[in-house]
1. Restricting to the stretch 3-21, name every residue that is open to solvent by 50 Å² or more (accessible area, probe 1.4 Å) and either touching a strand residue (DSSP E or B) at 6+ places or on another chain (Cβ under 9 Å) or outside any loop (DSSP other than H, G, I, E, B) (or both).
2. What number of residues in the stretch 4-21 are more than 12 Å from the chain's Cα centre (by Cα) and within 14 Å of the ligand (Cβ to nearest atom)?
3. What do you reckon, is residue 41 without any contact (Cβ under 8 Å) to a residue 24 or more places away in the chain, within 13 Å of the chain's Cα centre (by Cα), within 14 Å of the ligand (Cβ to nearest atom) and open to solvent by less than 50 Å² (accessible area, probe 1.4 Å)?
4. Consider only pairs whose beta carbons are under 9 Å apart and that are at least six residues apart or on different chains; among these, list those whose first residue lies in the stretch 1-15 and is over 18 Å from residue 36 (Cβ atoms) and aliphatic (A, V, I, L, M) and whose second residue is open to solvent by 80 Å² or more (accessible area, probe 1.4 Å) and within 16 Å of the ligand (Cβ to nearest atom).
5. For the stretch 22-38, which positions are assigned to a loop (DSSP other than H, G, I, E, B) and either near the ligand (Cβ under 9 Å from one of its atoms) or at positive phi (or both)?
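The values are calculated or read from the model by the stated rules, or taken from the named source; none is laboratory data. All values derive from a computational prediction rather than experimental measurement. Cβ coordinates were reconstructed from backbone atoms using ideal geometry, including for glycine residues, and neighbour counts include every protein chain displayed. Just so you know, the surface numbers come from the protein's heavy atoms only, side chains and all, with ligands and any DNA or RNA stripped out. Shrake-Rupley method; radii C 1.70, N 1.55, O 1.52, S 1.80 Å.
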Amino acid sequence: MNHQTRIEPEHRGGGRYTFNWYCSCHAKGYGHRSKGAAQSSANAHLKREGGH
Ligand SMILES: [Zn+2]
């Protein structure tokens, strides 16, 4: 399985955003408070899936 993640901001109203990540394997993570937090969560997924 190939894993390619991308991060997208989601507008929550009032000028606030959360950040979601999506992987090509259909894994995803929602609601991160910063792009950096989303990135580290995505990286954890990659490490988990690619660690064998
Ligand atoms: Zn994946």
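1. 4, 6, 8, 9, 10, 11, 12, 16, 17
2. 0
3. It is true that residue 41 is without any contact (Cβ under 8 Å) to a residue 24 or more places away in the chain, within 13 Å of the chain's Cα centre (by Cα), within 14 Å of the ligand (Cβ to nearest atom) and open to solvent by less than 50 Å² (accessible area, probe 1.4 Å).
4. Every condition considered, the pairs that remain are 1/49.
5. 24, 25, 26, 27
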